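Read the structure below first, then the notes.
The values are calculated or read from the model by the stated rules, or taken from the named source; none is laboratory data. If you're wondering where the values come from, they're calculated on a predicted model, not measured in any experiment. Neighbour counts are summed over all protein chains in view; Cβ atoms, including those assigned to glycine, are modelled from backbone coordinates with ideal geometry. When the accessible area is computed, the model is the full protein with side chains, heavy atoms only, and any ligands, DNA or RNA have been set aside. Shrake-Rupley method; radii C 1.70, N 1.55, O 1.52, S 1.80 Å.
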Amino acid sequence: MNKLPADKLFQTYLDLISKQESEEIYRLNEPVGEGIMKHSHIARGIELVYSELESYNPNYQAEKKEVDGLEIMYIVDGHGEFELQNRQFASGEKGDVMIFNCKTSVKKAMLGKSGMNCISIILFTEDAVSFLNDFLGTNEFSEARFFNEIRKTDCAVTFPCGELLEKLFLETIRLPGAYSKLTVKLAVVHAIILLIQKFRDKDSLDIRTRSDTPDAYFSGSIGRKVQNVRRIINSNLENEISIEELSAKVNLNRTTLQKNFKEMYGLTINEYRTKARLQFAKNMLASTNYTITEIAGRCGYANASKFSQVFKKHEGCLPKEWRK
């Protein structure tokens, strides 16, 4: 499996624009969406794909189940909301890492109004483990322990990218140079090792639903502050944090926050919170035995009646009907 099984998928669903020694560039055709993907073979069992997407209809992703592997996606710009084949939901924004395993093929994707640019490291377990051991001269890596928790879960994983990991991802799209191929390979291997280490710390992420890591309040650009508001909302869906409180947490004027949030995500803060709560509710309806009242409370609604009213308004049916 030294070549990406998805080569067949690229050639079937995408239009080849150019082919060089180490990379191919494809244009998405009408069934798949609009945008460009650049695919590079890194090593045995490891592929790199850079995507600039305007729209995306992942009608071929169910075929991912044929292999044992992972897609590790770093969102360079924009954001995306993903409905998985198993009715779970996941979302990511600029600066986030999302990881999809072979069980979590995407059924539907909704990108931000400006699209989404992302870098994906695609791993095929058996070959990737073999390559890493050979390349690094070790027996440290094994299939049984290779992103074991993520490969077993039935949901996607999303978390903010740290500074070093972000630098490594961006290193993979640097301009060509005398040693650029080697630099890219080293950056990809380094990123994989960092992520393996991260997920061996079982307390670092909640991979079943959403991250419960403490809020980190960033200083800096307005864009980063607005992104952090989104993280705060997603980490506190059970709480009714006011816009004034959100503004204070990120040290941003309320009017500026509301304006920039709407421009970035195409929704007001309250509209986004409702959407995030309903996505979280649908995850629990599909994968747990919680009662409607319990789910309502976990999603920030005072009672089941109010929750059901909002759910029916947006989804067209009551929660118990959706669950059936």
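Largest to smallest in accessible area, the residues TYR26, TYR301, TYR290 fall in the order TYR290, TYR301, TYR26 (1.4 Å probe, all protein chains included). Label positions at SER180 and LYS152, each projected 7 Å from the Cα along the C-beta direction, are separated by 4.2 nm. Going by accessible surface with a 1.4 Å probe and the largest first, SER22, SER308 read SER22, SER308. Accessible surface for LYS38 stands near 60 Å², nearest 10, in the context of the full protein assembly shown (1.4 Å probe). Accessible area ranking (1.4 Å probe, heavy atoms, ligands and nucleic acids excluded), largest first, for GLU315, GLU93: GLU315, GLU93.
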